[in-house]
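Take a look at the structure set out below.
None of the figures in this text is laboratory data; all of them are computed from the coordinates on show. Just so we're clear, the structure is a prediction, and the values are computed from it rather than from any experiment. In this analysis, Cβ positions are derived from the backbone assuming ideal geometry, glycine residues included, and neighbour counts consider all displayed protein chains.
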Amino acid sequence: MIQRIKWIDRKFEFNQPLGMFPLVIERLRGTPIRLSHYTSNLPKSLLTKKEDNAWSIQEHVGHLIDLEELHKGRIDDFLAGKAILRAADMQNKKTHEANHNQAEINGLLKKFASIRAKYIERLEALDDKILATTAIHPRLNIPMRPIDMALFTAEHDDQHMATIHSLLSK
């Protein structure tokens, strides 16, 4: 099987036309549904199983919840006209400290669906001027527009979805 590229090693070129924005939004809308499809009927023992000190399936779900605050903040950065978007915590301190394995999966899924809907609502409320603005992504050090941020979020979602699917296949 082809070795998947680690998230931190991925390179991005943001060149989608703004007309792709509705399609990217649809990808974001689909993540809560796919998460629920993969996880809602699994036993807690499988959801919380950890291998090689890596995150469990449930911790991956929790991590996606934890990052929604960053996405919200980056929308605020675009609206404020900031030159550089706020940085992510690359140590994932929030996820490591959250103890997501103690939660119930359906509660996590409901929370993710709710906060993701708010993120999408905020993205869709951006006017054409803001949608065309750029700011520097702090880790990638390249300009990004809101559509690019949304695509980056969708790609990050898929990175975790692929990991969850891999954990289910073991």
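Pairs of Cα atoms nearer than 8 Å and 6+ residues apart set the relative contact order; for the chain it is 33 percent.
Segment 46-123 and segment 135-170 have Cα centres spaced 12 Å apart.
Each helix, a run of at least 4 DSSP H residues, gives -39500 (n - 2.57); summed and divided by the residues of the chain, these come to -19000 deg cm²/dmol at 222 nm. Take 89-99, 2-12 and order them by the average number of nearby Cβ atoms within 10 Å per residue, most first; the result is 89-99, 2-12.
By the equivalent-ellipsoid construction on the alpha carbon gyration tensor, the chain comes out with semi-axes of 28, 17, 15 Å, ordered largest to smallest. For the residue pairs Lys93/Lys129; Lys50/Lys110; Lys6/Lys129; Lys11/Lys49; Lys11/Lys94; Lys118/Lys170, the alpha carbons lie more than 29 Å apart in Lys93/Lys129; Lys6/Lys129; Lys11/Lys49; Lys118/Lys170.
With angles folded into 0 to 90 degrees, how steeply does helix 21-39 sit against the dominant principal axis of the chain? Use alpha carbons for both and round to 10. It is inclined by approximately 10 degrees. Against the chain, whose longest principal axis is taken from its Cα atoms, helix 105-125 shows a tilt of about 10°. Give the angle, between 0 and 90 degrees and rounded to the nearest 10, that separates the Cα long axis of helix 146-168 from the longest principal axis of the Cα atoms of the chain. The two axes meet at around 10 degrees. Quick one: if the Förster radius is 41 Å, what FRET efficiency do Arg139 and Asn41 give, using the C-beta to C-beta distance and rounding to 0.05? Calculated value: 0.70.
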